[in-house]
Every structure is written in C-alpha cells, then in structure tokens.
Amino acid sequence: MARLVKIPALVDPHTHLRDLDWAHKATFTSETTAAVAGGYWAVFDMPNTPPTTTDRPALDRKLAALSAGAVCDWGVYFGASQADNTAEYAHVRGTCGLKIFNNSTTGDLLIADQGQRAQHYAAWPGGRVIAVHAEDETVLDILALVREYRKHTHFLHISTAQEIAWLTAAKAEGLPVTIGVCPHHLYLTEDDLPTLGAFGIMKPGLKTATDRDALWAALQSGVVDIVESDHAPHTLAEKQSAKPPYGVPGLETTLPLMLTAVQAGRLTLDRVIDLVATNPRRIWGLTAPAETYALVDLDASYVIDRANLHGACGWSPFEGMSVHGRVLETWIRGTKVWDGEQVLVQPGFGHNLFN
Ligand code: DOR
Ligand code: ZN
C-alpha cells in the first residue's frame, strides 16, 4: 500500500559539497542532485574544501561555481582561519553564517586557541549564525564564548550523552544555542566499526550505545533542534586507501532513516518535519517559497544499496539497511526538480538564499 504525503522540502545546514579543488570527490551538480533525490530544498556548504572559504576571492569563486552548478537552493559558510581573517567579517556578503572548527578534522581550519576563538566571536556580526564543530570539553569552551558574546551558536553533529547534558543546561540557562545531530550517530555505534571499516570513520567518530540512546531521547524530548547529514563524500578509492579520510555521505539517506523511525513509532512525523525542515528554516530566518515540498511514500520499503544512490561517491555507511519511506518527487518554487529517478532542471537552477 502506498501512503503519499507532501512534506515541506528539507533544509540541511551541514554539508560538504566539495567541487572546486576537490572536484574529483564530488561537484556542486552531483551533490545537489543527491540533495533533491533526498527531498531537500536547500543545502548549506562548509568552508573546509580547498581553497578554504576564508577570504573574499575564495568566497566569490565558490558563489560563482554554486550559481552555475547547483540544482537546489543553497547557502555558503564563511570559515574562521588561524591566520586571523576577522578583518573580512564586517563586509562579507552572501553567506549563511560563520563556521568555526574547534577540533581537528578534514582540512586545516582548526582553531584550538581559546583567545583566537574569542577574537572570531567578537568580530562576527551579530544576528548571523555561528556554527561550531566542538567535541567533548570544547563544548564548554564554546559555551563560555556564547555566554560572553550572546551570538546565536549552532552546535553541529553533537554525539555524546555528556554533550547533550551540557547543552540542555545551556538552553535552560537561556543561552542562544541550537543543537544538530547526524543519522550516523543515531543508527551506528563503535560496535559497527569492525564491519564498516573506513566507511564508519568520521569526525566526531561513532560512539557507544549509551551515547546513541541519549541522542534518541533528546530527539524525543525536543532538546535537539535539527537532524543534519554532515554529508562529506570521499571517493571509494580514498576510503579504501591506507590512510582513509574522515567523512560519510548522507543527503540521500537522512529522510528515509528518519521516516523509518516514524514507522517504528520512535518519533512522530510532525517531529521529523520539525527536525529536517521547519527548525532549520526558522533558525536561519528563511521563508519557504510557495510549492516547495517533497512528495513521499511513507510505506515504500527497500534496502539502501549503491544502486539506488545518486551522489558522486557511490557508497553509504548505511548499505544493507532496510528503510521505510521513499522520495517520489521534489518541488522547488513550483518546479518539479526530481521525479524519483532524475533531475528535471539544469545546473544553475538553484538560488543563494542569503543574498
Ligand atoms: O567526518 C568529517 N568529514 N567531519 C568533518 O568535520 C569534516 C568532514 C569532511 O569535510 O570530510
Ligand atoms: Zn561537517
């Protein structure tokens, strides 16, 4: 039986779309294709792809390439750099926010010094989101800056029970913070690493079953604001190499995995819609254009397989998992952009939502 529903098309504020000097991994066209296949209206791109989005020429190059290549709407983060780029912040235009990497990961944008972090917090214009990679005690370091500067901070890919506890307390204190979690931390644990090998390696890494359960409880209680993919494709050859890079793709599997939680009675459909669509729209101040939705069959059930993925990397850490829920169509601004099999618009259809 098919149960068809229209849900507001999704917004993912946490993706690494590649292209530019990493076009061998993926391109803006290939990964926005994965996005519309996954039911997304818009995706926001992180600044760690070379050339890092940490000065005006690099930002202009990325804006031009996305304008030419994207098949869905999009946003771009500016990145905090160790080489103090704060002088740029006052006149940076066209971005969805600032990204600060406070723990090490793919690329070299790490800001480990608390004094330097404070300079970035002080310089970034108020009213525009700061998105942070912060793990373990670093969450407390960033909360100290939020307390001091009162600038809206979105904590990306939160993965432990302890981090959830600290951020729950920060919300109770009235700090302007929001929380994102990722499907890989909800569905996989460190116990899966022997099977997954390098396909289970990402930052933050997979955690314990206790941590995973705390994330689900925080989804159910309403403490978590967003389910974001942290879509970070690397090629099969790179993942199978002696030194595999951190990161997993997720744009095509996030909605099916969350709809599977609805089918299992773990979350309501309304809650999932808040987590993947309504909340990111609200937090980034976006008004959805008319006729921007995904048509979903809640009852379609299938196994995640390389053959049903459309992004460039061609693999998923969720291969072999049975899911409920298939995106049949994605509509943006009254145009059908995805028909369940292919993209129906030209590269360049997508708009920057932060002009
Ligand atoms: O696993 C990750 N991969 N975590 C990050 O923070 C960055 C990402 C990437 O760009 O590959
Ligand atoms: Zn990321």
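Just so you know, all these numbers are worked out from the coordinates, no wet-lab data involved. In this text, all values refer to a predicted model and were calculated from it rather than measured experimentally. Note that each Cβ is placed from the backbone with ideal geometry, even for glycine, and that neighbours are counted across all protein chains shown.
What number of residues within the stretch 18-39 are buried (at least 18 other Cβ atoms within 10 Å of the Cβ) and away from ligand 2 (no atom under 16 Å from the Cβ)?
Residues flagged as buried (at least 18 other Cβ atoms within 10 Å of the Cβ) and away from ligand 2 (no atom under 16 Å from the Cβ) within the stretch 18-39 amount to 11.
Filter the stretch 216-242 for residues that are surrounded by 15 or more Cβ atoms within 10 Å (Cβ to Cβ) and within 23 Å of Trp284 (Cα to Cα) and give the result. Walk me through it before giving the result.
Filtering the stretch 216-242 down to residues surrounded by 15 or more Cβ atoms within 10 Å (Cβ to Cβ) leaves 216, 218-219, 223-235, 238-239.
Of everything in the stretch 216-242, those that are surrounded by 15 or more Cβ atoms within 10 Å (Cβ to Cβ) and within 23 Å of Trp284 (Cα to Cα) turn out to be Ala218, Leu219, Val223, Val224, Asp225, Ile226, Val227, Glu228, Ser229, Asp230, His231, Ala232.
Criterion first (in contact with a Gly (Cβ under 8 Å, 6 or more places away or on another chain) and not acidic (Asp, Glu)) does Asn308 satisfy it?
Spelling it out, it is not the case that Asn308 is in contact with a Gly (Cβ under 8 Å, 6 or more places away or on another chain) and not acidic (Asp, Glu).
Kindly indicate the residue of the stretch 125-146 that is farther than 13 Å from Val177 by Cβ and more than 14 Å from ligand 1 (Cβ to nearest atom) and also nearest to the chain's Cα centre (by Cα) among those meeting that condition.
Only one residue fits best here, namely Arg128.
Would the stretch 159-178 turn up any residue that is charged (D, E, K, R) and buried (at least 17 other Cβ atoms within 10 Å of the Cβ)? Give the steps one after another, and end with the answer.
In the first step, residues of the stretch 159-178 are kept if they are charged (D, E, K, R); the result is 163, 171, 173.
Then drop every residue that is not buried (at least 17 other Cβ atoms within 10 Å of the Cβ), which leaves 163.
Yes, the conditions are met somewhere in the stretch 159-178.
Can you pull out every residue in the stretch 301-332 that is surrounded by fewer than 15 Cβ atoms within 10 Å (Cβ to Cβ) and in contact with a His (Cβ under 8 Å, 6 or more places away or on another chain)?
Ser301 - this is the single residue of the stretch 301-332 that is surrounded by fewer than 15 Cβ atoms within 10 Å (Cβ to Cβ) and in contact with a His (Cβ under 8 Å, 6 or more places away or on another chain).
Just to be sure I understand the filter: pairs with C-beta atoms under 8 Å, separated by 6 or more residues or on different chains, first member in the stretch 104-122 and touching a residue at least 60 places away in the same chain (Cβ under 8 Å), second member within 16 Å of ligand 2 (Cβ to nearest atom) and not in a loop (DSSP other than H, G, I, E, B). Which pairs pass?
Going by the 8 Å Cβ cut-off, the qualifying pairs are Ser104/Leu110; Thr105/His133; Leu109/Gly79; Leu109/Lys99; Leu109/Phe101.
Being in contact with a Leu (Cβ under 6 Å, 6 or more places away or on another chain) and not in a loop (DSSP other than H, G, I, E, B) is true for just one of Val139, Val146, Val132. Which residue is that?
Only one candidate passes the filter, namely Val146.
Output the residues belonging to the stretch 104-142 that are on the phi > 0 side of the Ramachandran plot and either buried (at least 21 other Cβ atoms within 10 Å of the Cβ) or away from ligand 2 (no atom under 13 Å from the Cβ) (or both).
If the condition is that a residue be on the phi > 0 side of the Ramachandran plot and either buried (at least 21 other Cβ atoms within 10 Å of the Cβ) or away from ligand 2 (no atom under 13 Å from the Cβ) (or both), then Gly127, Asp136 are the ones that fit.
Considering only residues that are out of contact with any Pro (no Cβ under 8 Å at 6 or more places or on another chain) and away from ligand 1 (no atom under 11 Å from the Cβ), which ones fall in the stretch 226-239?
Answer for the stretch 226-239, where residues must be out of contact with any Pro (no Cβ under 8 Å at 6 or more places or on another chain) and away from ligand 1 (no atom under 11 Å from the Cβ): Thr235, Leu236, Ala237.
Look at Pro245 and say whether it is within 16 Å of ligand 2 (Cβ to nearest atom), touching a residue at least 24 places away in the same chain (Cβ under 8 Å) and surrounded by 16 or more Cβ atoms within 10 Å (Cβ to Cβ).
yes
How about the stretch 264-355: which strands (runs of 3 or more DSSP E) wholly inside it have at least 1 residues that are under 30 Å from Val92 (Cα atoms) and not small (Gly, Ala, Ser)?
Result: 322-332.
Considering only helices (runs of 4 or more DSSP H) fully contained in the stretch 155-259, which possess at least 3 residues that are among the charged types (D, E, K, R)?
Here the list reads 209-221.
Go through the stretch 188-225 and give me each residue that's within 17 Å of the chain's Cα centre (by Cα) and closer than 20 Å to Asp274 by Cα.
Answer for the stretch 188-225, where residues must be within 17 Å of the chain's Cα centre (by Cα) and closer than 20 Å to Asp274 by Cα: Leu215, Leu219, Val224, Asp225.
Suppose we filter Ala90, Ala131, Ala65, Ala58 for residues that are without any contact (Cβ under 8 Å) to a residue 24 or more places away in the chain and not hydroxyl-bearing (Ser, Thr, Tyr); which single one remains?
Answer to the check: Ala58.
Are any residues in the stretch 192-211 touching a residue at least 12 places away in the same chain (Cβ under 8 Å) and of a type in the set (Val, Ile, Thr), and if so, which ones?
Result: Ile201, Thr208, Thr210.
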